[in-house]
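Visitor: Shown below is the structure under consideration.
The values are calculated or read from the model by the stated rules, or taken from the named source; none is laboratory data. Small disclaimer: the values here were computed from a predicted structure and weren't measured. Here the Cβ is made from the backbone with ideal geometry for all residues, glycine too, and neighbour counts use every protein chain on show. Surface accessibility is based on the protein's heavy atoms, side chains included, excluding ligands, DNA and RNA. Shrake-Rupley method; radii C 1.70, N 1.55, O 1.52, S 1.80 Å.
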Amino acid sequence: MRPQAFFILGCLFVFTAALPCVCRAAEFVTVTGVIDGETLKLSDGKTVRLTGIDVPASSKNAKLKDDMKDTGKEAGALIAAGKDAAKFMRKLVKNEKVALEYDEKTEEKSGRKLAYVYFYLDPRLNMEIPEDWHVELCPETKERQLRIFLNATLIKMGFARARTVPPNVQFEALFQKLQENAREKKKGLWA
């Protein structure tokens, strides 16, 4: 990540508070921990997995072997991408409020939630947004309230692969496009 991105992240932590949002969201929760690059621990004691993505294993384990087979990439590149994804998530959303929006299937058999996760930026800040972030206007009002679509951002940065599993396919085309772009630009695990 570039030094200016760390500055921007620092500004986010200083200036963002629990923002009231006028956007439609299924649920607002506080992130109390980051288990890995795709799994967050929530203030209600539950966990949420970012749906539609697959972050590589961040250590040597059985999943790493599958990731190597699926991507054709070496273990070192995959582990680095997995660690970078977790680090990014910790810096951005740990102890912050996020919005969870759901697709057709809202949780796994284990009880872990499946969601599209959004982090809202304070509209009063006139900040430069890193080009690697997938940022969009509030869908309900189209006002300057911006939100970072974390699932898409992780793919765009090359920290995750698109992996949509029916029935949760709402963003399949977007995720595939972002993955192709990350691959072409040799970002993250595609380097």
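Visitor: Once fully extended, how much extra length lies between Ala75 and Lys46, figured as 0.36 nm per residue of separation less the alpha-carbon to alpha-carbon distance?
Guide: Numbers: separation 29, 0.36 × 29 = 10.44 nm, distance 3.04 nm.
Working it through step by step, the gained length comes to 7.4 nm.
Visitor: Same structure, new question: Taking 7 Å along the Cα-to-C-beta vector as the label spot, tell me the Glu184-Lys87 distance in nanometres, rounded to one decimal.
Guide: A separation of 2.8 nm, rounded to one decimal place.
Visitor: Among 67-79, 155-167, how do they line up by average Cβ neighbours within 10 Å per residue, starting with the highest?
Guide: Listed from highest to lowest mean packing, they are 155-167, 67-79.
Visitor: Quick one: length gained pulling Thr30 to Asn61 fully straight, 0.36 nm per residue minus the C-alpha distance? Walk me through the intermediate numbers first.
Guide: On the way: separation 31, 0.36 × 31 = 11.16 nm, distance 2.97 nm.
That works out to 8.2 nm of additional length.
Visitor: How much accessible surface area, in Å² rounded to 10, belongs to the heavy atoms of Ile129 with a 1.4 Å probe?
Guide: Probe radius 1.4 Å; accessible area of Ile129 about 50 Å².
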